[in-house]
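Where a number appears in this text, it was derived from the coordinates with a stated rule and is not lab data. Since we're looking at a predicted model, the values are computed, not measured. Backbone-built Cβ (ideal geometry, glycine too); neighbour counts: all protein chains shown.
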Amino acid sequence: MRDGSPYNVSHDRLTRWGGNRTIVRVSSKGQIVIPVAVRRRLGIKTGQPLAIRANTQDEIVLRPADRDSDAVDEMLRRLRAAARKLGGDPLRELQERRRRERAREARKHARWSH
């Protein structure tokens, strides 16, 4: 920022001063480096699994995988609650359907084995 530019250019990254955005490069292996300040702020540890997705605004979103699984659990709770309001539990319905399929297969097997 010595030259008055809002950007700091080094060999491998371009940082905008005064913002919370850092531009990193993707390596030939598809790897990126998450800056240490970001890792510290979010509590990301070495070796920690991260969930990755692309959102509708052409952004890549990384989240600690445990937080992502919490979001999935919450989504399933909401879906089950909505299904109960409509008159059923989708998990129970799938289990019942599978039980009927197993019984039907067992009858077929009994018929063919005699």
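Structural remarks
- In this structure, residue 31 and residue 63 have a Cβ-Cβ separation that, at R0 = 25 Å, corresponds to a calculated FRET efficiency of about 0.90.
- In terms of the mean number of neighbouring beta-carbon atoms within 10 Å, the peptides 49-58, 33-42 order highest first as 33-42, 49-58.
- In terms of its Cα atoms, segment 61-114 spans 58, 29, 13 Å along the principal axes, sorted from long to short.
- Extension gain (nm, one decimal) between residue 51 and residue 82, 0.36 nm per residue minus Cα-Cα: 8.5 nm
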